[in-house]
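Beneath this line is the structure, given in structure tokens, with notes to follow.
Just so it is clear, none of the values below were taken in a lab; they were calculated from the coordinates. Owing to the predicted nature of the structure, the values given are computational and were not obtained by experimental measurement. Don't worry about glycine lacking a Cβ; one is built from the backbone with ideal geometry, like all the others, and counts go over all protein chains shown.
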Amino acid sequence: MTFPYSEIVLEHFRHPRNVGQIEDADGKATEGSPSCGDMVSVYIKVDPEKKTISDIKFESYGCASNIATGSIITELAKGKTLDEAKKINWKTASEALGGLPKIKAHCSVLAVEGLRSAVQNYEERHGLVKEKKPTTEDEIHRRLRKVMNPLSGLDLERTNLVKNVQLKDGFVRVVIDLPPDHQFSHSIKEEVKEKIEPLWDIKEVVVEFIA
């Protein structure tokens, strides 16, 4: 099946802007998963005084809509304030690209969600979250669904690797069903901590592995 992509979409698909990583990113996020067909990671650098996005890059695994949307949202977000960047939505990206097929809306939305999550990641790390709701175990599990299991390309929750989550007085304990010396244990541990530690009321995150 083919889709009627505009010339602008095809241009951004063939020659995407701002592709790559920012190694010392101030905020970053990944949405989707390769096993589901589409994934996008967004990295941002922020001017600490102006609270504007001074640099932004993305990596995409997916269809033309996903790649083109990732490309256009980086163009739209660069130079914007964090609040302005959070207002960029699928409609904004679609209009900038000259229209996107509705059937491809889901994979295109991933790039927009990636941008918003990267901004949220920055705000959490710098104490800029306005609504400071107490962290719940449900929120911990929600964030663990964004940590990939490299063995399958699915998240830790969907592959049943999360055996236990405990939250008490700002301390979080996450038990993962992998041997401590597994080749992916270290990277999973770092990503789990990266997702949970920025929460405003979390004091410490301990990740344990069981054989």
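Some points to look at:
- The ranking of 90, 200 from fewest to most other beta carbons within 10 Å of each one's beta carbon is 200, 90.
- Test item: Cα-centred dipole of the chain, Lys/Arg +1 and Asp/Glu -1 on Cβ, debye: 460 debye
- Among 42, 144, 93 the positive-end extreme of the charge dipole of the chain (Cβ point charges): 93
- Rg and Dmax of segment 21-74, Cα atoms only, in Å: 12.1, 40
- Each Lys and Arg Cβ is given +1 and each Asp and Glu Cβ -1; about its Cα centre, segment 1-96 then shows a dipole of about 140 debye.
- Helical content of the chain, expressed as a calculated mean residue ellipticity at 222 nm, amounts to -10500 deg cm²/dmol (DSSP H runs of 4 or more residues, -39,500 (n - 2.57) each, divided by residue number, nearest 500).
- Debye-sum result for the chain in log10 I(q)/I(0), which assumes one identical scatterer on each alpha carbon, at q = 0.09 Å⁻¹: -0.38
- 23 Å Cα-Cα threshold exceeded, pairs from 86/132; 104/130; 102/146; 132/163: 104/130; 102/146; 132/163
- Rounded to 5, the percent of DSSP beta bridges in segment 120-211 classed as antiparallel: 55 percent
- Both radii come from the Cα set of segment 7-125: Rg as radius of gyration, Rh as Kirkwood radius; their ratio Rg/Rh reads 0.95.
- A compact globular protein would have a Cα radius of gyration near 2.2 N^0.38 Å; the ratio found for segment 94-182 is 1.41.
- Cα-based equivalent ellipsoid of segment 137-209: semi-axis lengths in Å, sorted from largest, via gyration tensor: 19, 12, 11
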